[in-house]
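Trainee: Below: one structure in structure tokens.
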Amino acid sequence: MDISKKNARIAGVLYLLVGIFGGFSEGFVDPKMYVAGNAALSASNVISNSQLVRMGVVAHLLDGTFFVFFAMMLYGILQHINKSVARAMLILVVLATGIICLNAVFQFEALQIVTGAVNLNSLGHAGSNALVLLLLDTQHFGTLIAQVFFGLWLIPLGYLAYKSLGLFPKWLGIVLIVGGVCYIVDLLSAFLLPSFNQNIYTLIVIPSAIAEISMVLYLLVVGVRTKKA
């Protein structure tokens, strides 16, 4: 097997792991704990699912770890196309990963409070619950802010795929760029026009999901196209 094709499939496995651990932590654990505006229920969710919170924190860290290694593999495959753009892609992934891993600390600290590992008796029960909500709220919006880089990194990746001289199909590059733009639109509307964002959220995330799923499947099934001598 050609070395670049083999590396592309390894990258596909890493990207699949990013999706699995990220989907578990951000798509299942985080929403199960955080209830916007309800401190008592959020604290109750954390304390009744303490082991799940620990698993979610670890999943966040694994998600970030696999994401960085995945980007490094892609950098090795695509750097010959445009090294500056490939570096930008890698830097954006590192920034996104740093925010996600830091956010996991806020969730873990919420667990520390509800389990009594951090003594906040002076705040009272209601005060402790309010602090738990603040930590989870910080994590929630921190993850949303990380979406800037989750979206931006797809744009240089899409450019590299489009210009890859046949390693990847041009349609995949276009889909990745569109997916990245949709991430940014979703983020901006969530902060600037929250009511409007609720109406368009499902529609706007579909292109992003299609882009990332297409990339995973292409890497796993095809790897990269190779030309016969």
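Trainee: Given points 7 Å out from each Cα along the Cα-Cβ axis, report the Gln198 to Leu16 separation in nanometres with one decimal.
Mentor: In this crude label model, Gln198 to Leu16 measures out at 3.8 nm.
Trainee: Could you list, in their original order, any pairs among Lys5/Lys32; Lys5/Lys170; Lys5/Lys83 whose Cα atoms are separated by more than 29 Å? Spell out each step's value before the answer.
Mentor: Values: Lys5/Lys32 39 Å; Lys5/Lys170 18 Å; Lys5/Lys83 20 Å.
Over 29 Å Cα-Cα: Lys5/Lys32.
Trainee: Follow-up. Lys/Arg Cβ at +1, Asp/Glu Cβ at -1, dipole of the stretch 1-157 taken about the Cα centre: which of Asn7, Val148, Val57 is farthest positive-ward?
Mentor: The one lying farthest along the dipole's positive direction is Asn7.
Trainee: What FRET efficiency, computed as 1/(1 + (r/R0)^6) with R0 = 22 Å and r the Cβ-Cβ distance, is obtained for Phe28 and Arg87, rounded to the nearest 0.05? Mind dumping the intermediate values first?
Mentor: Numbers: r = 34 Å, r/R0 = 1.52.
So, using R0 = 22 Å, E works out to roughly 0.05.
Trainee: Of Ile81, Cys101, Ala130, which is farthest on the positive side of the dipole of the stretch 12-137, counting Cα position, with +1 on Lys and Arg Cβ, -1 on Asp and Glu Cβ, and the Cα centre as origin?
Mentor: So the residue furthest toward the plus end is Ile81.
Trainee: If I histogram all Cα-Cα distances within the stretch 1-109 using bins 10 Å wide from 0, what percent of pairs lands in each bin?
Mentor: 15, 37, 26, 15, 7, 1
Trainee: In addition: Taking every pair of alpha-carbon atoms in the stretch 89-158, what share in percent sits in each 10 Å bin, from 0 to the bin with the longest distance?
Mentor: Spelled out per bin, shortest first, that is 21, 37, 23, 14, 5, 0.
Trainee: For the chain, return all DSSP H helices satisfying: extent of Cα atoms along own axis at least 27 Å; mean Kyte-Doolittle hydropathy at least 0.5.
Mentor: Sorted by number, the helices that extend far enough and score high enough are 3-24, 50-78, 83-114, 124-152, 170-192, 194-221.
Trainee: Would you please give the FRET efficiency between Thr115 and Thr65, computed as 1/(1 + (r/R0)^6) with r the Cβ-Cβ distance and R0 = 25 Å, to the nearest 0.05?
Mentor: Efficiency computed from Cβ-Cβ geometry: 0.45.
Trainee: Keeping every protein chain present and rolling a 1.4 Å probe, give me the accessible area per residue for the chain in Å². Write out the running numbers ahead of the final one.
Mentor: Values: 11390 Å² over 229 residues.
With all protein chains present, the chain gives 50 Å² per residue.
Trainee: A follow-up question, please. Just to verify a number: what accessible area does Lys6 come out at with the full protein assembly present, 1.4 Å probe, Å² rounded to tens?
Mentor: Lys6 exposes around 110 Å² with every protein chain in place.
Trainee: Find, to one decimal place in angstroms, the Kirkwood hydrodynamic radius of the stretch 64-108, where the mean of 1/r is taken over every pair of different Cα atoms and then inverted. Before the final figure, lay out each step's value.
Mentor: Working: mean 1/r = 0.0903 Å⁻¹.
Taking the inverse mean of 1/r over all distinct Cα pairs, the stretch 64-108 comes out at 11.1 Å.
Trainee: Ignoring ligands, DNA and RNA, please state the percent of accessible area on the chain from carbon and sulfur, probe 1.4 Å.
Mentor: The computed percentage sits at 70.
Trainee: Percent relative contact order of the chain, based on C-alpha pairs within less than 8 angstrom and at least six residues apart?
Mentor: Numbers: 325 pairs, mean separation 57.0, N = 229.
It comes to 25 percent, rounded to a whole number.
Trainee: Looking at the stretch 119-229, what % of the alpha carbon pairs are farther apart than 24 Å?
Mentor: 44 percent
Trainee: Of Leu192, Leu172, Ile113, whose Cα points farthest to the positive end of the dipole of the chain (charges on the beta-carbon: +1 Lys, Arg; -1 Asp, Glu; origin at the Cα centre)?
Mentor: So the residue furthest toward the plus end is Leu172.
Trainee: Roughly speaking, what is the stretch gain from Leu123 to Leu41, that is 0.36 nm per residue apart minus the C-alpha to C-alpha distance, in nm to one decimal?
Mentor: Gain on extension, Leu123 to Leu41, equals 27.8 nm.
Trainee: Okay, next question. In square angstrom, rounded to the nearest 10, how much accessible surface does Thr138 have for a 1.4 Å probe?
Mentor: Here the residue's solvent-accessible area equals roughly 50 Å².
Trainee: What whole-number distance in Å separates the alpha-carbon centres of the stretch 155-187 and the stretch 45-106?
Mentor: 19 Å
Trainee: Please work out the Cα convex hull volume for the chain and give it in Å³ per residue. Kindly include the intermediate steps, with their values, before the conclusion.
Mentor: Numbers: hull volume 27.2 nm³, N = 229.
Output value, Cα hull per residue: 119 Å³.
The values are calculated or read from the model by the stated rules, or taken from the named source; none is laboratory data. Just so we're clear, the structure is a prediction, and the values are computed from it rather than from any experiment. For neighbour counting, all protein chains shown are included, and Cβ atoms are generated from backbone atoms with ideal geometry for every residue, glycine included. Accessible surface areas use protein heavy atoms only, side chains included; no ligands, DNA or RNA. Shrake-Rupley method; radii C 1.70, N 1.55, O 1.52, S 1.80 Å.
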